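Since the structure comes first, as structure tokens, the remarks are kept for the end.
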Amino acid sequence: MAELDTSGGGGGKGKKVRSKKMSTRVDLTAMVDLAFLLITFFMLTTTLAKPQAMDMFMPDKDDEQKDELPVKASRTMTVLLGSDDKIVWYMGVMGSTAPTVDNFGKSGIRQAFIDNNKKVLAQTGDPKKGLMVILKPTDKSNYKNFVDLLDEIKIAGVPSYGIVNKIEPEELNLMKEQGAFKD
């Protein structure tokens, strides 16, 4: 609320008589209340960004029950995730095709996923029997690159993938030859 301050300025014996100055003072309590109400309203009505998650199904830890899916080697693409953001991949069984060192991005591993998936779909003719990607991260790879690979698989429309935490010594030697793994 507004108040008027009517106290005179000098009040003493002066030669000139001055008119009294009126000073105003605005009480900002109501404006502060309104600001807090608006902040509270917008905090309660806005939706926060929902975290995006990818569904991942892991096998049971029961050792008795080992279900292995028969997958032809011509349908598999093995991706070895090395150090320094390097990726080495090969189709089928190691040694049957030349390994390729690739990078992340639209023209890198994503294009390889898309091209190989199209080839496999043309061979099988069944959309359910598309490319099967086997991801093998090494001890030197980082989590960000692993998640980026999962994103690239999802973007490329690869129907199935598996994660293997066991890398064969031949695969480590292959990665060292390609410069994708450092001791």
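The values are calculated or read from the model by the stated rules, or taken from the named source; none is laboratory data. Just so you know, these numbers come straight off a predicted model, no measurement behind them. Cβ coordinates were reconstructed from backbone atoms using ideal geometry, including for glycine residues, and neighbour counts include every protein chain displayed. SASA here: full protein model, heavy atoms, side chains in, ligands and nucleic acids out. Shrake-Rupley method; radii C 1.70, N 1.55, O 1.52, S 1.80 Å.
Restricting Leu69, Leu81, Leu4, Leu44 to those that are modelled with pLDDT of 75 or more and open to solvent by 70 Å² or more (accessible area, probe 1.4 Å) reduces the list to Leu44. Does Leu174 satisfy being assigned to a helix (DSSP H, G or I), of a type in the set (A, V, I, L, M), surrounded by 14 or more Cβ atoms within 10 Å (Cβ to Cβ) and out of contact with any helix residue (DSSP H, G or I) (no Cβ under 7 Å at 6 or more places or on another chain)? It is true that Leu174 is assigned to a helix (DSSP H, G or I), of a type in the set (A, V, I, L, M), surrounded by 14 or more Cβ atoms within 10 Å (Cβ to Cβ) and out of contact with any helix residue (DSSP H, G or I) (no Cβ under 7 Å at 6 or more places or on another chain). With respect to the conditions (1) part of a loop (DSSP other than H, G, I, E, B); (2) out of contact with any strand residue (DSSP E or B) (no Cβ under 8 Å at 6 or more places or on another chain), Gln123 falls short on a single one, namely (1).
Met132 falls short on exactly one of the conditions (1) more than 18 Å from the chain's Cα centre (by Cα); (2) modelled with pLDDT of 85 or more; (3) open to solvent by less than 30 Å² (accessible area, probe 1.4 Å), and that condition is (3).
Check whether at least one residue in segment 128-145 is assigned to a helix (DSSP H, G or I), touching a residue at least 12 places away in the same chain (Cβ under 8 Å) and over 16 Å from Gly108 (Cα atoms), and report yes or no. The answer is yes, given that some residue of segment 128-145 is assigned to a helix (DSSP H, G or I), touching a residue at least 12 places away in the same chain (Cβ under 8 Å) and over 16 Å from Gly108 (Cα atoms).
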